[in-house]
Amino acid sequence: MKYFMKTEADPSAAVTPPSPELMVEMGKFIEESFRNGSLIATGALDPRTTRIRSEGGKFTITDGPYTEAKEAVVGWAIIEAASKDEAIELSKRFWGLVGDGQGTIQRVYDPGEVPQG
Amino acid sequence: MTEAESRDDVVHRAIDAVWRMESPRLIAGLTRLTRDVGLAEDLAQDALEAALRQWPDQGIPDVPGAWLMATARHRAIDALRRHATLQRKAHELARELEQQQLTPPDLDTDIDNAAIGDDLLRLVFICCHPVLSVEARVALTLRLLGGLRTDEIARAFLVPEATIGQRIVRAKRTLSEAGVPFEVPQGADFRTRLASVLQVIYLVFNEGYSATAGDDWIRPALGEDALRLGRVLAGLVPEEPEVHGLVALMELQASRMRARTDASGTPIPILEQERGRWDQLLINRGLAALEQAESGPGPRGPYALQAAIAACHARARTAEATDWARIVAIYDALAELTPSPIVELNRAVAVGMAYGPAAGIELVEGIADQPALAAYHLLPAVRGDFLMKLERFDEAAAELARAAAMTRNVPERNLLLDRAAAATRRARETTGAG
């Protein structure tokens with residue numbers, strides 16, 4: 001089963017770049033996770049979004065809205081896990097390295113997979 | 001359901017997940033400490049039971065793997081002290097363990113440590129040791145490296161739980177009696193022993209892959225277990241091309257999982273599958289693993305060759321775009337490396353696709369009297385296909401009916417009977433018209 005994980009930006013927290021140690025640890029964790037197949041893709045999201053709307057064949061494109069506060073880049077990952085519990089355990093390992101913060105875990109369905117309950 | 005019960009359920013499911021993820025490392029580390037895989041597994045089980053008792057009340061520890069290891073180490077010291085023979089060696093080990101105990105175990109650093117990888121690899125080779133029967137190797141591998149419970153293995157293989165339980169107990173005793181060392185085989189032995197490991201993983205994969213849609217979920221899950229084991233093994237011995245070959249083969253076969261049966265579980269032949277349902281992620285992983293398998297020096301092994309055939313299908317956007325000439329060439333290499341009537345039969349199918357049914361059926365006739373194929377339903381099935389294409393409908397109907405009578409797989413039998421009926425219809429039309 002695939003899961004989408006995302007960190008949540010905390011506008012109240014000071015934006016500090018990760019320490020070199022964390023970068024090394026995270027690099028190892030990511031490499032290991034790619035190798036054992038648990039990590040499918042990972043990256044970061046720019047907090048500035050562009051909205052697109054389709055209505056009666058017309059498109060509306062809007063940038064933003066942006067908040068004034070410095071928004072942190074949001075991290076995301078798509079992982080493969082045998083169950084939701086395993087996804088949570090994998091997420092704990094990520095947060096164990098990062099420290100304080102919060103995020104979300106969502107099931108990702110493959111094309112043709114029927115969502116259940 | 002009361003609130004307390006549901007909370008327990010949540011914790012138990014979390015423990016299950018932790019166990020499946022952590023137990024192979026745990027057992028590998030404990031085998032290094034105790035030099036006895038049976039004892040190591042008992043200790044790990046004790047630690048699991050302790051977790052099941054304590055975690056519902058105390059909560060799940062932040063680093064559950066480290067908790068399990070620390071608990072198991074305590075028990076290892078006790079067990080070694082209590083050990084009936086009480087040899088000096090056991091004393092020494094207990095003292096050594098006690099000293100390690102003074103520094104709190106930190107599984108995070110242990111995980112990074114290459115030593116854990118080495119221990120895991122040793123455990124892989126123990127589980128697949130030739131002193132064990134193939135069934136025992138499979139059961140032990142799933143139990144110690146896949147983190148499956150005995151009842152789960154039994155369900156997956158459709159045998160009674162007691163059978164698997166006995167198989168595992170006997171396997172552990174056999175290993176102990178044979179004094180199988182906790183080590184990675186060296187020299188010429190390595191390749192032979194690695195072949196046994198790959199065979200076990202592929203057996204597990206096929207058991208899962210051959211499960212049909214209606215089966216218990218645990219059977220298809222075996223395919224994922226095998227893939228995981230394969231990927232872990234590829235990480236442990238990255239310089240071995242055949243490990244990558246096996247991973248590539250499994251990824252590519254698994255990529256067709258969703259497309260290979262219809263809603264009723266009837267198998268859909270590869271050329272009729274809806275290719276949009278093939279899993280592109282697994283295909284990409286498979287092709288990347290195949291590239292690694294083929295990047296090394298020396299000739300390709302049987303897994304890499306089979307993966308290369310699967311890759312020809314994966315790369316074709318439509319069935320018509322399949323590079324059959326290339327597939328024939330790979331089958332030539334495979335037939336040379338691992339000659340078998342089954343490989344010849346598959347090669348005949350590829351030749352038929354590449355160069356026409358007349359060329360294909362000629363090859364089939366050449367192997368038709370092989371004793372190994374006497375009870376193999378795909379021989380008459382393939383022959384029936386060729387006869388159909390050659391418009392020899394009467395003969396085709398007879399062959400397809402024969403194939404149907406030879407298979408025990410019900411959806412497959414129905415498919416063959418349908419095709420036999422179609423051939424009979426065509427035969428009647430032809431005589432009617434003529």
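Under a crude label model (7 Å from the Cα following the beta-carbon direction), how far is B:GLN199 from B:GLU239 in nanometres?
2.5
By how many degrees, 0 to 90 and rounded to 10, does the Cα axis of helix B:280-295 deviate from the longest principal axis of chain B?
Once rounded, the angle reads 80 degrees.
For the range A:26-38, just list the computed ³J(HN,Hα) in residue order, Karplus coefficients 6.51, -1.76 and 1.60, θ = phi - 60°, integers in Hz, with x standing in for Gly and Pro.
In residue order, the calculated couplings are 5, x, 5, 4, 5, 4, 4, 5, 5, 5, 8, x, 6 Hz.
If a paramagnetic tag sat 7 Å from the Cα of B:GLU395 along the Cα-Cβ line, which residues of the range B:339-376 would have the backbone N under 11 Å from that point?
Zone members listed by number: B:358, B:361-362, B:365.
Only helical DSSP H runs with n ≥ 4 go in: add -39500 (n - 2.57) per run for chain A, normalise by residue count and round the 222 nm mean residue ellipticity to 500 deg cm²/dmol.
On the way: 2 runs with 31 residues, N = 117.
When only DSSP H runs of four or more count, the value is -8500 deg cm²/dmol.
How much mean residue ellipticity at 222 nm does chain B get from its helices, if each DSSP H run of length 4 or more adds -39500 (n - 2.57) and you divide by all residues, to the nearest 500 deg cm²/dmol?
Details: 20 runs with 319 residues, N = 434.
Helix-only estimate at 222 nm: -24500 deg cm²/dmol.
In what sequence do B:PHE205, A:PHE59, B:PHE393 fall when counting other Cβ within 10 Å, fewest first?
On the way: B:PHE205 23, A:PHE59 8, B:PHE393 20.
The most exposed by this proxy come first: A:PHE59, B:PHE393, B:PHE205.
Against the longest principal axis of chain B, how steep is helix B:134-144, in degrees 0 to 90 to the nearest 10, with axes from Cα atoms?
Here the helix axis deviates by roughly 50 degrees.
Taking neighbour counts of Cβ atoms within 10 Å as a proxy for exposure, in what order, fewest first, do B:SER340, B:SER264, B:SER196 appear?
Numbers: B:SER340 14, B:SER264 10, B:SER196 18.
Ranked by crowding around the Cβ, least crowded first: B:SER264, B:SER340, B:SER196.
For the range B:31-82, state which trypsin sites (Lys or Arg not before Pro) are in a DSSP loop and have at most 15 other beta carbons lying within 10 Å of their beta carbon. Show your work: numbers first, answer last.
Details: sites: B:ARG32, B:ARG35, B:ARG53, B:ARG73, B:ARG75, B:ARG81, B:ARG82; in loops: B:ARG35.
Filter output for the range B:31-82: B:ARG35.
To the nearest 20 debye, what charge dipole does the protein assembly as shown have about its Cα centre, counting +1 at the Cβ of each Lys and Arg and -1 at the Cβ of each Asp and Glu? Write down the numbers at each step before the final one.
Numbers: 62 positive and 79 negative charges, 184 e Å.
The dipole of the protein assembly as shown has a size of about 880 debye.
Just counting partner chain Cβ atoms within 10 Å, what average do the residues of peptide B:132-143 show around their Cβ?
On the way: counts 0, 0, 0, 0, 0, 0, 0, 0, 0, 0, 0, 0.
Taking the mean over all residues of the peptide, I get 0.
Show me B:175-187, B:417-429 ranked by packing, highest mean number of other Cβ atoms within 10 Å first.
On the way: B:175-187: 12.9, B:417-429: 16.3.
Output ranking for B:175-187, B:417-429: B:417-429, B:175-187.
5 Å is the cut-off here: which amide hydrogens, built 1.01 Å from N in the peptide plane, fall below it relative to A:GLY103, excluding neighbours closer than 5 in sequence?
Result for A:GLY103 returns A:GLU8.
Please compute the modelled spin-label separation between B:ALA178 and B:PHE190, points set 7 Å along Cα→Cβ, answer in nm with one decimal.
Calculated label separation equals 2.1 nm.
For chain B, take the longest principal axis of its alpha carbons; what is the angle in degrees between that and the long axis of helix B:302-315, to the nearest 10 within 0 to 90?
60
Go through A:LYS28/B:LYS172; A:LYS6/A:LYS28; A:LYS84/B:LYS172; A:LYS2/B:LYS172 and tell me which ones have a Cα-Cα distance over 27 Å in this structure. Before the final figure, lay out the partial values.
On the way: A:LYS28/B:LYS172 35 Å; A:LYS6/A:LYS28 19 Å; A:LYS84/B:LYS172 33 Å; A:LYS2/B:LYS172 36 Å.
Too far apart for the 27 Å limit: A:LYS28/B:LYS172; A:LYS84/B:LYS172; A:LYS2/B:LYS172.
When chain B is modelled as a GNM with alpha-carbon springs shorter than 10 Å, which of B:GLU240, B:GLU365, B:GLU161 fluctuates the most?
Answer for the Gaussian network model of chain B: B:GLU365.
Determine Rg/Rh for chain A; Rg is computed over alpha-carbon atoms and Rh is the Kirkwood hydrodynamic estimate from the same atoms. Write out the running numbers ahead of the final one.
On the way: Rg = 16.9 Å, Rh = 16.4 Å.
So for chain A, dividing Rg by the Kirkwood Rh gives 1.03.
Given H placed on each backbone N at 1.01 Å, which residues far from B:GLY147 in sequence or on other chains put an amide H within less than 5 Å of it?
none
Convert each backbone phi in the range B:198-207 into a coupling constant with the Karplus relation 6.51 cos²θ - 1.76 cosθ + 1.60 (shift: θ = phi - 60°), then list the ³J(HN,Hα) values in order as whole Hz, x for Gly and Pro.
Values per residue, Gly and Pro as x: 5, 4, 4, 4, 5, 4, 4, 4, 5, 4 Hz.
To the nearest 20 Debye, how big is the dipole of the range B:272-352 about its Cα centre, given +1 on the beta carbon of each Lys and Arg and -1 on that of each Asp and Glu?
Numbers: 8 positive and 10 negative charges, 35 e Å.
So the magnitude is around 180 debye.
Laboratory data are not the source of any read-out in this text; all were calculated from the coordinates shown. It should be emphasised that the depicted structure is a prediction, and the values quoted were computed from it without experimental measurement. So basically every Cβ, Gly included, is an ideal-geometry build from the backbone, and we count neighbours across all protein chains shown.
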